[in-house]
1. Rounded to the nearest percent, how much of the accessible area of the chain (1.4 Å probe, protein heavy atoms only) is carbon and sulfur?
2. Which one, 523, 269, 318, is farthest towards the positive end of the dipole of the chain when Lys and Arg carry +1 and Asp and Glu -1 on their Cβ?
3. May I ask you to give the solvent-accessible area per residue for the stretch 301-382, in square angstrom, as obtained with a 1.4 angstrom probe?
4. Which GluC sites (Glu not before Pro) from the stretch 292-372 combine a DSSP loop assignment with at most 10 other Cβ atoms within 10 Å?
5. So what is the relative contact order for the chain, in percent, with contacts set as C-alpha pairs under 8 Å and at least six apart?
6. Using alpha-carbon pairs under 8 Å, 6+ residues apart, how would you state the relative contact order of the stretch 196-285 in percent?
7. Once amide H atoms are built 1.01 Å from N in the peptide plane, which residues 5 or more positions from residue 118, or in another chain, come under 5 Å H to H?
8. Applying the Karplus parametrisation 6.51 cos²θ - 1.76 cosθ + 1.60 with θ = phi - 60° to the phi angles of the stretch 318-328, what ³J(HN,Hα) value in whole Hz is obtained for each residue in order, glycine and proline being reported as x?
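The values are calculated or read from the model by the stated rules, or taken from the named source; none is laboratory data. Small disclaimer: the values here were computed from a predicted structure and weren't measured. Methodologically, a virtual Cβ is constructed for each residue, glycine included, from the backbone with ideal geometry; neighbour enumeration extends over all protein chains shown. Remember, those area values only see protein heavy atoms, side chains included, never the ligands or the DNA or RNA. Shrake-Rupley method; radii C 1.70, N 1.55, O 1.52, S 1.80 Å.
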Amino acid sequence: GPGVTDVWIDDLDVAHHVGPPPEVAAAGPATALPTGGVLGARLPGPALRDAGAPAEPRRGPTLSGSLLRIDDREIFPRIIEYRGEPLGLLRQLGFNTVALAQVPSAEMLEEAGRLGLWIICPPPFSPRPEGASQTEGPLPEIGPLFDRVLAWDLGSGLGAKHLAATTAWARQVKSSDRRCPGRPLVCRPTSQLRAYSRAVDIPILGRGVLATGLDLSDYAQWLRQRPSLMVPGGPFWTTIETQPAELLRRQWSALGQEPATAAFSPESVRLLVYTAITSGSRGLWFQSSSPLTAEDAETRLRALTLELLNLEVELMEPWAAAGSVLATVPGSEPALVATLLQTNHARLLVPIWSPPGSQCVAGQAAAHDLSFLVPGVPETNKAYWMLPGELRPFHPPRKAGGVRITVDEFDLTALVMLTQHPTVVAAMGRRAAQTGRRSAEILRELAAWQLRRDADLAGRLAVPNPAVRHAAYLAEAHKHLLACDRQMGLGNLSAASLAACRATRPLRLLEREHWEAAVRPLNSPVASPPAVTFATLPWHWRLMEQVAASRPGPSLLPAADFEDLPAVFAAGWQHFQHPHPELHTEAELAPAAAHGGKLGLRLAVSSPQKAEPAVIESPPVWITSPAVPVAAGQLLRIQGWVNIPQPIRGSVDGLLVLDSLGGEPLAYRVRHTQGWQQFVLYRVATQTGTMSVTFALAGLGEAFLDDVEIQPLGPAIPSAQ
């Protein structure tokens with residue numbers, strides 16, 4: 001009737017769920033291949049499991065909707081790429097799954113079973129051409145030897161040209177894996193995501209983020225857009241970088257960078273992990289290019305970081321494995337956003353502090369008493385901070401629109417559980433208690449390492465940045481580290497963890513102030529390869545000194561003023577398109593695109609449809625320059641002018657400027673400009689050869705480019721006295 005009516009609903013349950021029939025859920029080819037033997041029918045050595053080892057699963061892994069289950073229990077894979085380490089060490093670091101590039105031996109599978117580890121690997125047979133079974137015989141059945149395999153990996157870097165072969169291989173593997181018909185197939189596609197999500201069960205998504213020009217907030221948006229390009233309701237896993245890209249390392253090495261300092265900070269990796277989980281990822285695939293057993297400082301730091309993150313992910317596992325993203329909750333500061341995850345019996349609020357540039361240097365929240373207004377929390381729910389070693393209850397006040405959660409001391413991320421079920425509280429309390437001591441020990445060790453490193457680097461950074469309060473920041477960090485040691489001695493784990501976190505906060509302020517001072521004169525952090533991390537800033541200032549003392553030579557790039565179309569074609573400029581039925585692309589020389597002279601390069605992507613696509617999967621159009629000769633050790637300046645009158649839509653990348661020396665890790669991104677804007681990128685030729693520049697328009701809109709140059713920078717000629 002008229003007026004205001006309040007409707008209260010509580011404890012709503014759905015009694016049953018009607019899913020697809022079993023024969024559909026485990027569908028293989030229409031006609032099963034006849035058995036041609038059994039791969040791994042029996043073990044050549046001892047049994048897969050000895051007495052006292054973790055119990056073998058009664059059922060193999062199965063996928064139900066987006067949930068991966070073993071024995072009707074959801075699992076959240078924490079996967080590490082195998083580089084020859086002892087499996088026991090990887091288990092000790094908290095991984096539950098190991099990814100191999102080849103089929104494992106029977107001995108490795110046996111050891112994985114004893115340790116309770118799962119394996120991801122290629123299928124035990126190569127793909128066959130369609131119809132080959134008639135001439136080569138049927139594929140053998142996959143036997144019990146491979147019961148510890150969680151998923152079959154069908155490859156990485158897969159694009160349109162690999163789709164037909166991958167789809168056929170997927171059908172063959174499903175047909176051969178009759179012992180475990182629900183075992184998922186995974187792959188890492190670079191395009192054609194919808195088609196690949198039909199061919200395999202779980203696409204693995206990800207891209208270079210850390211130490212790049214792609215902000216973490218933009219990456220979160222990119223990741224949350226990917227399900228719209230997949231089969232509805234399907235799961236995905238996410239790659240997590242643990243080491244800088246090879247092209248970035250080469251640039252650092254050419255500038256004299258010491259390898260021991262070329263590690264991502266623990267804070268940056270943590271932000272990447274939390275971003276993936278709060279974006280709906282059902283598994284984490286940690287990339288690794290070198291063994292975690294090496295004795296160098298970088299590897300030791302990486303191992304500690306991964307062990308700590310695995311402990312934290314274990315606390316979040318009920319929500320990460322089987323929960324859903326309920327809402328995104330803005331915080332009281334623009335850089336503060338929380339995600340509300342939900343399971344049947346509890347909610348988890350995950351705040352993340354991620355200001356622009358956090359993919360390079362994380363920084364620290366400058367404000368106190370940061371807060372969120374969380375909607376839809378039942379009145380009967382209680383709130384708990386999930387801390388190393390304990391669940392700490394607190395009582396947030398109710399406000400109009402929800403519950404006000406205030407964070408007194410914020411450390412980049414936090415975990416707040418909201419529930420009314422005592423069994424959930426007890427279970428999560430046990431989890432927190434089990435991880436408390438080791439978490440506190442690692443936090444203390446990481447804080448001590450960060451203090452030593454920053455104290456060493458502060459001396460070399462004091463001259464270019466005298467305004468940074470080095471001594472005060474270092475003294476405050478040392479004070480909190482001593483407090484951490486006292487609390488550890490008393491056995492107060494949560495207080496020790498808090499003191500270790502407090503020790504890192506002034507260090508993050510120090511690092512962020514130095515980094516902001518370094519990148520302020522640049523158009524982007526990627527303009528200078530050593531400006532993308534704090535640890536490499538001394539090499540950035542050395543590079544800037546070299547640039548200031550150099551003299552630019554003539555441009556190596558022909559016809560880059562875009563004044564004469566025949567000259568552009570004759571010079572070797574190339575135009576590429578990625579066909580899309582809903583898009584129209586253009587690449588032309590136009591008067592509207594002129595910065596200097598009469599013409600400039602215009603790139604445009606439009607949609608003839610009334611409703612344009614919300615997400616563009618791959619850049620529809622790009623232009624690549626001719627290759628120009630460079631000499632090893634040569635310092636180069638790539639510069640030009642860009643004008644993007646309206647924001648690029650459908651892509652977080654906008655216009656990409658990529659050079660072959662820095663590649664995608666050092667790509668310059670711009671989505672909108674206020675008139676003409678200059679870009680300048682510095683690169684070092686790592687070997688004698690050639691280099692080129694590519695301009696890729698990744699979304700809907702138009703971009704103008706003009707007066708592009710690649711200039712060698714040589715020693716300045718002394719002026720005559």
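1. 54
2. Ranked along the dipole, the leading option is 318.
3. Numbers: 2730 Å² over 82 residues.
Each residue of the stretch 301-382 exposes 33 Å² on average to a 1.4 Å probe.
4. Working: sites: 295, 298, 307, 312, 314; in loops: 295.
Passing both the DSSP loop test and the Cβ count: 295.
5. Details: 1478 pairs, mean separation 74.1, N = 721.
Dividing the mean separation by the residue count of the chain yields 10 percent.
6. Values: 89 pairs, mean separation 34.7, N = 90.
Relative contact order of the stretch 196-285: 39 percent.
7. 97, 98
8. Values per residue, Gly and Pro as x: x, 7, 5, 7, 9, x, 9, 7, 8, 6, 10 Hz.
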